[in-house]
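Report on one structure; see the data block that follows.
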Amino acid sequence: MFKKVRELFLVQVRQGATPEGLALTCAVGFTIAVFPVLGVTTVLCLLVGQIMRLNQPVLQTVNYALAPLQLLMIPLYLKLGAWIFQVPAVSINPLTMVEEFMDSPQTFLQEYWVASLQSLVAWAVVTPVATVGVYFVTRTVFQGYQKLRKGEG
């Protein structure tokens with residue numbers, strides 16, 4: 001998979017995509033890919049990509065490539081959100097979650113709805129710094145590749 005992703009980026013550079021444009025697309029793709037709500041990142045990428053006129057193939061590739069990271073980040077966002085709001089964190093243990101749901105579905109949904117909103121706040125706090133970092137790192141990588149390509153030609 002990594003080889004295919006790399007080739008997509010190389011093709012984009014060969015076709016004239018700028019390092020800055022690709023880096024911005026990667027940074028936005030990263031930001032959306034780690035959004036702490038499952039099942040919405042593809043549509044968010046499509047909408048944001050259209051509004052910002054980003055490279056959709058690269059944006060969606062970054063989104064899909066980082067799907068495992070999204071799953072790893074959700075528990076962290078839940079805990080960080082609870083810390084920000086100074087409330088106890090909800091359990092992320094599947095057995096505990098099922099038990100809580102069976103005991104009181106309404107309470108479960110209320111608690112996890114609030115926890116989800118708190119995780120969105122945590123995401124909004126963390127991602128701007130990470131996004132800037134991703135932009136500068138990927139821009140440097142793409143600029144280096146562009147210089148290599150110019151040296152070949």
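The numbers here are math on the coordinates, done by the rules we state, and not lab data. The structure displayed is predicted, hence computed values, not measured ones. Every residue, glycine as well, gets a Cβ built from its backbone with ideal geometry; the counts of neighbours run over all protein chains shown.
The figures follow:
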{"quantity": "Phi-based couplings in Hz for the stretch 28-38 (Karplus 6.51, -1.76, 1.60; Gly and Pro marked x)", "calculated": "5, x, 4, 4, 6, 4, 9, 4, x, 10, 6"}
{"quantity": "Nearest-ten-degree value, helix 2-14 long axis tilted from longest Cα axis of the chain", "calculated": "50"}
{"quantity": "Sites Thr140 and Gln15, calculated FRET efficiency, Cβ-Cβ separation with R0 30 Å, nearest 0.05", "calculated": "0.90"}
{"quantity": "For the stretch 1-98, convex hull of alpha carbons as volume per residue, Å³", "calculated": "114"}
{"quantity": "Positive-pole candidate from Leu54, Asn93, Tyr145, dipole of the stretch 2-152, charges at beta carbon", "calculated": "Tyr145"}
{"quantity": "Table column - 3J(HN,Hα) (Hz), the stretch 87-92, Karplus curve with 6.51, -1.76, 1.60, x for Gly and Pro", "calculated": "10, x, 6, 6, 6, 10"}
{"quantity": "Using alpha-carbon coordinates, inclination of helix 41-52 to the longest axis of the chain, degrees", "calculated": "50"}
{"quantity": "Between helix 67-84 and the chain: long-axis angle, C-alpha atoms, 0 to 90°, nearest 10", "calculated": "50"}
{"quantity": "In range of the label at Ala89: residues from the stretch 52-75 whose backbone nitrogen is under 11 Å from the point 7 Å along Cα→Cβ", "calculated": "74-75"}
{"quantity": "Mean separation of Cα contacts under 8 Å, 6 or more apart, over the residue count of the stretch 2-152: relative contact order %", "calculated": "34"}
